[in-house]
1. Taking only the alpha-carbon positions of the protein assembly as shown and ignoring solvent, what does the Debye formula give for the base-10 log of I(q)/I(0) at q = 0.09, 0.11 Å⁻¹?
2. Quote the charge dipole size of region A:58-292 about the Cα centre in Debye, to the nearest 20; the model charges only the Cβ of Lys and Arg (+1) and of Asp and Glu (-1).
3. From Cα pairs below 8 angstrom and at least 6 apart in sequence, can you work out the relative contact order of region A:58-292, rounded to a whole percent?
4. Quick check on the protein assembly as shown: helices-only [θ] at 222 nm, where DSSP H runs of length 4 and up contribute -39,500 (n - 2.57) each and the sum goes over total residues. Nearest 500, please.
5. Specify whether the C-alpha gyration tensor of region A:134-293 places it in the rounded, prolate or oblate class, a ≥ b ≥ c being the square roots of the eigenvalues: rounded for a/c under 1.5, otherwise prolate if a/b is larger than b/c and oblate if not.
6. Taking every pair of alpha-carbon atoms in region B:245-342, give the share separated by more than 24 Å as a whole percent.
7. Answer rounded, prolate or oblate for region B:64-121, using the Cα gyration tensor with square roots of eigenvalues a ≥ b ≥ c: rounded when a/c is under 1.5, else prolate when a/b is larger than b/c, else oblate.
8. Neighbour counts of other C-beta atoms within 10 Å: give me B:339, B:91, B:350 arranged from fewest to most.
Amino acid sequence: MASTVEARETRQPWILLSPALTAIVLLLIIPLAFIVVYSFWLRTAAGSEQVGFYLDNWKEALTDSFYRDILLSTLRIALITTIACALLGYPCAYFIARSKSGNKTLLLLMLILPFWISYIIRTMSWINILGVSGALNTLLVNSGLLAEPLQLLYNEPSVILGLVHFLLPFMVLNVYVSLEGIDESLESAARSLGCTSWQSFLEVTLPLSLPGLAAGGLLCFVLAAGTYITPLVLGGARDAMFANLVYEAIIVQLNWPLGSALSLMLLFVLGLVVTVYNRFVGMGQIAKSFGQE
Amino acid sequence: MTTPAVELVDIVKRFGAITALQPMSLTLPEGSFVTLLGPSGCGKTTTLRMVAGLLDPSAGEIRIKGKRVNETPIHKRNLGLVFQNYALFPHKTVYDNVAFGLRYRDIERSQIKKLVNEALDLVQLPSLGDRYPKQLSGGQQQRIALARAIVIKPDVLLLDEPLSALDANLREDMRVELKRIQHQLGITTLFVTHDQSEALAMSDTIVVMSAGNVEQVGAPEEVYNTPSSEFVARFLGASNIIESRTLSVDGEHAMVEARDFGNVPVPIERVRNAITGRESKLVIRAEFLTLNKTDKTPADGVLSVNGQVETVDYQGQAVRYFVRVGDRQLQAINMIDGHPFAEGETVSIHVRPRDCALLPGAIT
Ligand SMILES: Nc1ncnc2c1ncn2[C@@H]1O[C@H](COP(=O)(O)OP(=O)(O)OP(=O)(O)O)[C@@H](O)[C@H]1O
Ligand SMILES: [Mg+2]
């Protein structure tokens with residue numbers, strides 16, 4: 001009797017997981033396997049693909065300094081974006097976490113509301129704000145503060161601005177969840193022992209919310225490093241990020257083998273970041289932000 | 001006369017339209033152990049948090065050591081605070097938790113070490129300094145929380161239901177322990193609980209509260225024996241409250257005519273506001289009603305009434321009986337000697353008049 005119960009208990013998680021596993025295998029693992037295979041094919045000068053095991057794409061991707069430089073600048077932009085999100089998102093999350101429960105729902109709703117609009121549209125909206133004939137320039141010129149409109153778009157800052165705009169909610173939600181999990185009486189205890197409210201924040205609240213900050217940071221970093229839409233819409237010719245190279249290779253040049261190698265390279269680098277993160281922080285906090293303990 | 005450690009003068013707390021605390025005044029003499037006792041929502045925590053500085057009173061004055069502290073922020077009040085959920089810092093070791101308050105005072109490192117070790121000795125956990133709170137049992141966490149609060153030598157120790165998260169046995173041990181430490185340090189303590197036995201066992205003074213009002217302030221035996229209201233009588237232990245009419249009052253007794261029991265001479269020190277001819281309430285604690293076989297004649301002066309046992313509730317050494325007398329049920333808690341009575345049995349209920357107390361007014 002007992003053994004059948006046990007057998008059922010070990011079987012059950014697999015039964016429950018199977019729809020998700022099937023989806024992951026069909027939609028992620030198998031396409032990924034195709035990409036791996038593709039990356040060893042070769043595109044001939046004539047434009048056809050040669051099936052086989054060639055290392056040419058990999059050699060190009062790994063040795064050409066053009067790719068290396070763009071990879072490094074992609075990581076730099078992702079890092080700056082992450083730091084900006086942390087600095088802007090933390091106070092915002094703190095404010096929401098400390099609001100009255102009625103306002104809290106409203107504020108969280110406002111945070112999630114932009115997700116109802118396409119990411120591309122949200123990104124393009126900056127053109128109406130920062131463009132040469134956009135809202136900001138029109139205002140500055142009409143009010144006489146400027147003689148000529150400023151070129152605010154199509155540079156690295158405008159790409160970072162777009163990324164921060166896109167990623168800030170991820171940071172805020174992660175930090176918010178970790179702040180919500182901190183027992184309020186801890187700060188009261190610190191205060192009663194002699195801390196000012198700022199000291200008790202530094203001693204108690206900040207360290208206990210670091211896992212949320214780290215989780216938000218990881219999400220922002222990985223999503224920023226993998227994006228191609230923001231640099232495409234808001235960046236200039238020199239602001240391409242690594243995913244733009246993949247896009248360029250596959251969509252524009254139709255060079256699937258090279259695009260595959262490049263995308264695997266990005267996947268590997270980001271996988272490394274996640275691994276290092278997991279080693280030092282653990283993935284538990286991210287699961288928490290999505291509602292699991 | 002020395003200045004009291006804490007004085008509350010007509011403090012009021014309103015949350016919007018709700019008044020959580022009606023004007024309340026209370027004095028905690030230096031070194032005393034005062035307990036706020038009352039049912040959930042009566043304003044105990046609110047009162048404690050105002051003393052702590054976590055809440056501002058809407059009106060009234062709070063004085064600590066004779067000085068008004070209404071405007072003093074919490075971190076300058078020098079208080080020890082212990083919470084129901086311990087509130088230990090999970091990211092700090094036991095040692096760092098206890099040392100926390102000392103680091104915010106001008107104390108040398110070596111001195112901090114000595115004080116922390118002394119505090120850990122005092123709570124009898126000298127060897128746990130390196131552990132994290134998560135690695136401790138509930139009882140150990142509670143002791144560390146206490147050590148953290150007392151190591152700073154606070155002017156007042158504030159405890160909000162510190163024992164209620166512990167299981168029953170541990171709770172009784174900690175009760176003794178807490179009282180020992182409090183006594184040893186001679187520290188003025190304001191303790192909050194809704195557990196009457198905790199309050200009776202530990203306090204010098206009990207403040208019984210109900211719905212934002214103070215019902216009675218007094219020593220445990222005073223509050224227990226001479227409740228000032230029906231609420232207090234019912235809240236502290238099981239009481240029977242019987243309608244009566246005051247017949248006469250003299251220097252020694254108030255003679256009342258109580259339903260079923262007849263004429264009862266209640267000793268005057270246990271009588272509140274008896275007015276001849278008016279309605280009153282006779283309070284008899286369940287422990288003072290004894291059940292007897294019907295053929296046993298009561299001793300001289302002892303009142304008796306017959307009843308039928310309806311429910312028998314074993315409680316270890318004692319039994320709680322619910323006995324039907326006329327159209328009402330009385331509670332009696334008796335020690336077990338020999339055979340307890342069975343359900344359905346007819347018994348003779350005895351009570352000595354000197355074990356009764358008298359309250360004014362009709363039963364509510
Ligand atoms: N922040 C607040 N806002 C509004 N009402 C409050 C607030 N805090 C407490 N109250 C109300 O004040 C009253 C007293 O609350 P308090 O927490 O002091 O009760 P308590 O005696 O400590 O109860 P318990 O034994 O359940 O802890 C309650 O009716 C409560 O609902
Ligand atoms: Mg409370």
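1. Those come out to -0.96, -1.16, one per q.
2. Details: 11 positive and 12 negative charges, 62 e Å.
The dipole of region A:58-292 has a size of about 300 debye.
3. Working: 262 pairs, mean separation 64.3, N = 235.
Over region A:58-292, the number comes to 27 percent.
4. Helices in the protein assembly as shown give a 222 nm mean residue ellipticity of -14000 deg cm²/dmol.
5. It is oblate, given that a/c is not under 1.5 and a/b is not larger than b/c.
6. Value for region B:245-342 (Cα pairs over 24 Å): 31 percent.
7. Numbers: a/c = 2.26, a/b = 1.45, b/c = 1.56.
Here region B:64-121 falls in the oblate category.
8. Fewest-to-most ranking of B:339, B:91, B:350: B:339, B:91, B:350.
Values quoted throughout were computed directly from the atomic coordinates according to the rules given, and no laboratory measurement underlies them. Every value quoted in this text rests on a predicted model; they were computed, and no experiment measured them. Please note: Cβ atoms are built from the backbone with ideal geometry, for glycine as well, and neighbour counts cover all protein chains shown.
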